[in-house]
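Report on the structure given below.
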Amino acid sequence: MSGQEKSDWIQDSSSHCQEFVWIDEDKVQPKGEPLNPFSGKRGGEVNLNKLAYSVTDVPPWYLSIFLAFQHYLTAFGSNIAIPLILGDALCLQHDGLTQSHLINTIFFVSGLCTILQVTFGIRLPILQGGTFALLTPAIAMLSVPGFQCPSWTQNASLVNTSSPIFIEVWQTRLRTLQGSIMVASLLQILVGFSGLVGFLMRFIGPLTIAPTISLIGLSMFDAAGVRAGSHWGISAMTAALIILFSQYLRLIPLPVPAYSKARKLHTKKFYIFQTMPILLGITVSWLVCHLLTIYNVLPSDPDQYGHQARTDVKSDMVGQASWFVLPYPGQWGMPMVSLAGVVGTVAGIVCSMAESVGDYHACAKLSGAPPPPKHAINRGIGVEGIGSLLAGAFGTGNGTTSFSENVAALGITKVGSRVVILLSGVVMILMGVLGKIGAIFSTIPNPVIGGMFLIMFGVISATGIANLQSTDMNSSRNIFVFGFSLFSGLVIPNWIAKNPNTLVTGLSEVDAVLQILFTTHMFVGGFLGFVLDNTIPGTKSERGLFEPDETHLEDSGSLETEDIYDLPFGITRWFSARPWIRYIPICPWDKQAVQSYSDEGTPEKATTQHSS
């Protein structure tokens, strides 16, 4: 198919695209056959590559708002899970109010970073939020002898959440975590804005990324088991509901009433099970727990099995929470820096960068954009570094990264508009300032969270393995590298954690650094994968190393220009013709414009190639 034919086909097919989540029940095309909700094709034929809205399109305002909430709900699981897991390591098991503040803060910062990324960063419809890549080194840092929680914080009857002693216990740990994240984020800012990311990615292939990401999920088995084990029946029900909604019922629409001036009152089909399976699963299980609590089916004695499934365990949290909170930098006090924490967090930052580069290309492919050029990738990584700096300053206890699950949502909804993601950032900021929202989330019963963790961490583990699809897994070399790295990433940290006195050099800071690095599963597995993959002979094709720019040039629906990656507000138009702009790794530049500028001497004649 020639370029012109392909362009005509794209233009013709795009005119028939319909919104995926809203389908008119009685809408019929001239030929008499209804549109398939997955594409513009008629009848039962399915084309999963068809886009309803590409990256630069603007859906109707009502659809944009709905899709913005949908992306917020898609990010809900991860942004809720991180503060709840971190709360245990910060000695906050029995302080639901502070946990709710952490939830509000992470949503607020995620919204800010999303707006920054869509506006000045990669400029693709990619959501920003908390990262599990920084959660594992954070837990490792808080597990060293100097940061382990005092035994009295584990007993609810001994914890006075307003006590200065208790406040100092958790704030000291959180401030140290804040400072470590802020310092480590400077590396990401440097790598992004200096253009070093391209150089580093030459050596970080699928065989490094796969064990690293898989171990993020696998290392959380204990956190998932503790919560799920508080009532296995409720946890199993939650997991079963999420599986039912997300896998078995995802293609079943529900008719809902709608109104328009042209058609008056009518019905539309809404794919609710596909858009919000986690929220539905949690809500139904939460309601069951509430009913079991009302009728006293669940034990009221805290020492009895199943008590944690009651919905009144933290019922006072919602009443105590303020209606409005405004997270701000330094809200927990002045951040402190730990060398060991910085080193461990850097390992997580490197993993996050590698994953984000892959997310950028996947997002471009799913949103109908051309492959991202180097200057856009550099900006994206640099802005993520700024996001982690903000997250550390605000005190989320975490950083920010691109959300792979929201990238996947683009493929499900077929709506790749960046306006929708921009609105999602606004929604997250609004939810972040509603104190009652965070308090409500903090009261979710532990076994319900455990059931969600069973799904979430399993998917994260499988996502890591999915990175191997570009490698030759018939190669004994690759099987060895991945298998050894993955298994060693489980064995070595587990043994070091059980034998903490093994790594003793006599220097406390060095001991702390070694303890954190070798008890961080993703670091051990990723490091071994990196060394073996770059030292054992193997071809680029065998290792899965290729130019990502070539991966989806033939996909239907891609725009033919890279203008979508230009900086907004006329910044690119002003800069693109300057001869020195080629040396700035985060700015687009145009050879023809520069040549015209040199010949004519006027920037006005040299800016016709770009639009913002």
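Tabulated values for the structure
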| read-out | value |
| --- | --- |
| Amide hydrogen neighbours beyond the local backbone of K268, cut-off 5 Å, H modeled | V256, A258 |
| Listed peptides 375-381, 296-302, 467-473 by packing density, highest first (mean Cβ within 10 Å) | 375-381, 467-473, 296-302 |
| Gained length - Q469 relative to S260, 0.36 nm times residue gap less alpha-carbon distance | 70.6 nm |
| Förster radius 56 Å - calculated FRET efficiency between E509 and K540 (Cβ-Cβ, nearest 0.05) | 0.90 |
| Spin-label pair T283/L430, simplified geometry with 7 Å Cα→Cβ offset, distance in nm | 1.7 |
| Rounded Å value of the spacing that divides the Cα centres of the range 110-151 and the range 254-281 | 34 |
| In the range 154-254, the trypsin sites (Lys or Arg not before Pro) that fall in loop regions by DSSP, at most 16 other Cβ within 10 Å | R202, R250 |
| Under-5 Å amide H pairs with S54, H placed in peptide plane, nonlocal only | G416 |
| Alpha-carbon centroid distance for the pair the range 448-498 / the range 324-387, whole angstrom | 22 |
| Note, ³J(HN,Hα) from phi for the range 162-172, Karplus 6.51, -1.76, 1.60, rounded to Hz, x at Gly and Pro | 9, 6, x, 5, 5, 4, 5, 4, 7, 5, 4 |
| Loop chymotrypsin sites (Phe, Trp or Tyr not before Pro), the range 316-380 (other Cβ atoms within 10 Å of the site Cβ: 14 or fewer; DSSP) | W323 |
| In Å², nearest 10: area of I167 left accessible to a 1.4 Å probe | 50 |
| Contour excess over end-to-end distance, with Cα ends at Y248 and D222 and 0.36 nm allotted per residue | 6.5 nm |
| Long pairs among K261/K365; K269/K314; K314/K414; K269/K365, criterion Cα-Cα beyond 30 Å | K261/K365; K269/K314; K314/K414 |
| Prolate/oblate/rounded call for the range 94-155, Cα gyration tensor, a/c under 1.5 rounded | oblate |
| Whole-Hz couplings from phi, Karplus 6.51/-1.76/1.60, listed for the range 118-135; x for Gly and Pro | 6, 8, 10, x, 5, 6, 9, x, 10, 7, 10, x, x, 10, 6, 5, 9, 6 |
| Amide H contacts under 5 Å for L434, placed H, 5+ residues apart | V325 |
| Distance between modelled label sites at F480 and S151, nm, 7 Å Cα→Cβ extension | 4.9 |
| Solvent-accessible surface (1.4 angstrom probe) belonging to K365, in square angstrom, nearest 10 | 100 |
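The values are calculated or read from the model by the stated rules, or taken from the named source; none is laboratory data. Source: prediction; values computed, not measured. Cβ atoms come from the backbone with ideal geometry, glycine included; neighbour counts cover every protein chain shown. Just the protein is used for accessible areas: all its heavy atoms, side chains included, with ligands, DNA and RNA removed. Shrake-Rupley method; radii C 1.70, N 1.55, O 1.52, S 1.80 Å.
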